[in-house]
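Please read the structure below before turning to the comments.
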Amino acid sequence: MLAHYKTVAGYGESEIVIERSRFIGYAQRATTEEEAAAFIAGIKKKHWDATHNCSAFVIGENDQIQRSSDDGEPSGTAGKPILECIKKNGLKDTVVVVTRYFGGIKLGAGGLVRAYTAGTVAGLKAAGIVAHILHQSIAVTVDYHWWGKVENELRIGQHRVVDTAYTDLVTVTVLIPDGEESSFVERITDLTNGQARIELGEKEYVEVPFEAVGEEKEE
């Protein structure tokens, strides 16, 4: 599993106008090729009367699934710029469709590349970007004698507590950033004089906001 990766927060939609042509950027998270294809099909159905519905998506931990479509625009002027914009922003599991309604002014190959890139950026910004940070789930069980110290440590360390169960003992489940498990376990062990029962659970991703995207820079 990756230590961290970026993706879109969810659905996004934004429109820009370039030389009287309308470009509507749509973005969505998709974890499978089928989800991406369904999203593209939905936008095409919604904008059945558009001049073009160009698209691209990147799926998988290692970007192993990548597809793009110019949908009738000159080869390499639409789908590829959309795909490159997704990749250069480091986004995974992301699908983008840029719908164009032709305004009567031809943009030329370079103009189309810039326009579809701008449409992609608009859609991604509308969707919002999040980072998925890998965490380790850890369950700590102590008796009430030690619970105050453990609770204080969790509060001071601003650790992410996902569950606390109070029975004859106290069991608290926390999510610790991947790679920081050993230091956390050592700290809890020291605090409780080795009386805490500590169990490692599954690893999972925690979603946090990330900065806005930008257009790819020309080399």
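The values are calculated or read from the model by the stated rules, or taken from the named source; none is laboratory data. The shown structure was predicted, so the numbers you read here are calculated from the model rather than taken from an experiment. As a convention, Cβ positions derive from the backbone with ideal geometry for all residues, glycine included, and neighbour counts pool all protein chains shown. Remember, those area values only see protein heavy atoms, side chains included, never the ligands or the DNA or RNA. Shrake-Rupley method; radii C 1.70, N 1.55, O 1.52, S 1.80 Å.
Side notes on the structure shown:
- Acute angle (nearest 10 degrees) that the helix 79-88 long axis makes with the longest principal axis of the chain, alpha-carbon atoms: 30 degrees
- Among the trypsin sites (Lys or Arg not before Pro) in the stretch 1-42, those located in a DSSP loop and surrounded by at most 13 other Cβ atoms within 10 Å of their own Cβ are ARG20.
- Among the chymotrypsin sites (Phe, Trp or Tyr not before Pro) found in the stretch 4-84, those both in a DSSP coil and sparsely packed, with 13 or fewer other Cβ atoms within 10 Å of their Cβ, are TRP48.
- Net charge of the neighbourhood of TRP48, taken over other residues with C-beta under 14 Å away and scored Lys/Arg +1, Asp/Glu -1, is +2.
- Carbon plus sulfur fraction of accessible area for the stretch 72-219, probe 1.4 Å, in percent: 49 percent
- Relative to the dominant Cα principal axis of the chain, helix 181-191 is inclined by about 30°.
- 3J(HN,Hα) couplings calculated from phi for the stretch 193-202 with the Karplus curve 6.51 cos²θ - 1.76 cosθ + 1.60 (θ = phi - 60°) are, in sequence order, 6, x, 8, 7, 9, 10, 10, 7, x, 7 Hz; Gly and Pro show x.
- Each of GLU19 and ASP168 was given a label point 7 Å from its Cα along the Cα-to-Cβ line. The distance between the two points is 7.8 nm.
- Viscosity 1.306 mPa s, temperature 10 °C, Stokes-Einstein D of the chain from Kirkwood C-alpha radius, µm²/s: 81 µm²/s
- Per residue, the solvent-accessible area of the stretch 1-86 (1.4 Å probe, heavy atoms of protein chains only, all protein chains present) comes to 50 Å².
- Exposure ranking of LYS46, LYS92, LYS203, LYS106 by accessible area [1.4 Å probe, largest first]: LYS106, LYS46, LYS203, LYS92
- Computed extension gain for LEU2 through ALA139, at 0.36 nm per residue and net of the alpha carbon distance, reaches 47.1 nm.
- Values of log10 I(q)/I(0), in the order q = 0.15 Å⁻¹, for the stretch 1-103 under a Debye, Cα-only, solvent-free model: -0.56
- Calculated FRET value between GLU151 and GLU207, using beta carbons and R₀ = 25 Å, to 0.05: 0.50
- Using a probe radius of 1.4 angstrom, the carbon and sulfur fraction of the accessible surface of the stretch 1-57 is 54%.
- Axis angle, to the nearest 10 degrees, between helix 144-156 and the longest C-alpha principal axis of the chain: 30 degrees.
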